[in-house]
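Take a look at the structure set out below.
The values are calculated or read from the model by the stated rules, or taken from the named source; none is laboratory data. What you are looking at is a predicted structure, and each value in this text was computed from that prediction instead of being measured. Using ideal geometry, Cβ is built from the backbone for each residue, glycine included, and neighbour counts are taken over all protein chains shown.
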Amino acid sequence: MSSLKKDFQLTSIVVISTVLIISLIVSAVGKNSVEINGYSAVLCCAIICIGSQWLVWIPASIKQTEKFYDLTGGLTYLTVVIFSLWAGSQSEYPSVREFIISILVIIWSLRLSIFLYLRIHRVGKDGRFDELKNSPVRFLVPWTLQGLWVFLTVIVVIVINSKNGPSPPIGIWDIIGLGVWIFGFIIEVLADNQKSKFNSKPENKGKWIDNGLWAYSRHPNYFGEILLWSGIAIFGFSCLSGLELLTWVSPVFIYLLLTKISGVPLLDKRALEKWGDDPEYQKYRDKTSLLFPIKRNK
């Protein structure tokens, strides 16, 4: 089978699966959403998530560059959150809860997208795309998956913001959700800053980081990411019901994505290729937790 045919098959499977998953989610959680020109706001947000990725994929595939991948993802978060907040205001003025969760996502997306954008421009490339960007068809896969990623992670915010009718007052679950989000955000920011500072020192070139939070977890930034999205999902306990609780797919999806698909597996593979034969690195792997920051006594 030719390489181009394989690319078409893989991309077709990813695109069809993505559309199917999003359709099922929209159908399940969008029934109480306000309508914009006869379409639920949840569906409109889904179209924004996928459409914006495919739109940027066109020039990115022509130039064979991934430099605007993370920035596009961040801007999509901003667009969807603002749109859903506006859509919900067509039924009822946004509640305190809606403003809070929208601001939390905006803070997170601005911080992460700018951080990743500056990092890739400093390094020059993202190794995840080395085998993808040379084929426009194959390169569509990560852009499509990013659209799915944005939609599934922010689905709690979309449903809360665009829900028809008044929102219940702030309660204990909202306070817990905010606390969990703050804790996760601090961990992610601290871990990213520690690694950036470590990599900026010439004497650390070609080495792995094993200090700070990285002495307790090999991927503390991912732990923070999972935690903060869990915090966002907790906000839904106060105002969502029935099938709307399926929005808890958000932290579950983040966990599976980062630990089973694109995060930990790819980084661990590259780390083993670089340092797999180094006894000190093997010692670090043995004594350091994969995700949760717990010190092992080995």
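Restricting segment 176-220 to residues that are of a type in the set (Lys, Arg) and not in a helix (DSSP H, G or I) leaves a set whose member that is nearest to residue 288 (Cα to Cα) is 218.
Restrict the check to segment 259-267 and report whether at least one residue is of a type in the set (D, E, K, R) and under 15 Å from residue 160 (Cβ atoms).
Checked segment 259-267: no residue is of a type in the set (D, E, K, R) and under 15 Å from residue 160 (Cβ atoms).
Here residue 281 fulfils each of the conditions (1) free of Cβ contacts under 8 Å to residues at least 12 places away in the same chain; (2) part of a helix (DSSP H, G or I); (3) over 18 Å from residue 152 (Cα atoms) apart from (1). Here is the figure for segment 44-60: residues that are over 15 Å from residue 133 (Cα atoms) and not small (Gly, Ala, Ser) total 7.
Conditions (1) among the aromatic types (Phe, Trp, Tyr); (2) closer than 30 Å to residue 168 by Cβ; (3) touching a Gly at 6+ places or on another chain (Cβ under 8 Å), marked per residue:
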position: 33; (1), (2), (3): no, yes, no
position: 38; (1), (2), (3): no, yes, no
position: 63; (1), (2), (3): no, no, no
position: 80; (1), (2), (3): no, yes, no
position: 91; (1), (2), (3): no, yes, yes
position: 120; (1), (2), (3): no, no, no
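So is residue 231 surrounded by fewer than 15 Cβ atoms within 10 Å (Cβ to Cβ) and either of a type outside the set (Phe, Trp, Tyr) or under 30 Å from residue 163 (Cα atoms) (or both) or not? Criteria not met by residue 231.
Taking the criterion of being under 24 Å from residue 108 (Cα atoms) and of a type in the set (Gly, Ala, Ser), the residues of segment 168-216 that qualify are 171, 177, 179, 184, 191, 196, 200, 212.
Within segment 181-206, residues that are more than 12 Å from residue 115 (Cβ to Cβ) sit with their Cβ atoms under 7 Å from residues that are modelled with pLDDT under 90, at 6+ positions apart or across chains, in these pairs: 198/204. Counting only residues that are under 24 Å from the mean Cα position of the chain (by Cα) and among the acidic types (Asp, Glu), segment 194-211 holds 0 of them.
For segment 242-269, which positions are of a type in the set (D, E, K, R) and surrounded by 13 or more Cβ atoms within 10 Å (Cβ to Cβ)? 244, 268, listed by residue number. Confirm whether residue 266 is touching a helix residue (DSSP H, G or I) at 6+ places or on another chain (Cβ under 9 Å), modelled with pLDDT under 90 and not aromatic (Phe, Trp, Tyr). So residue 266 fits the description; yes. Within the option set 280, 188, being among the acidic types (Asp, Glu) and either touching a helix residue (DSSP H, G or I) at 6+ places or on another chain (Cβ under 6 Å) or crowded, with 18+ Cβ neighbours inside 10 Å (or both) holds for one residue only, 188. Before we move on, is residue 120 farther than 19 Å from residue 49 by Cα, at pLDDT 95 or above and either more than 16 Å from the chain's Cα centre (by Cα) or assigned to a helix (DSSP H, G or I) (or both)? No; evaluated as a whole, the condition is false for this residue. Being over 18 Å from residue 86 (Cβ atoms), hydrophobic (A, V, I, L, M, F, W, C) and modelled with pLDDT of 95 or more is a property that residue 50 has.
Among the residues of segment 227-249, none is identified as acidic (Asp, Glu) and assigned to a loop (DSSP other than H, G, I, E, B).
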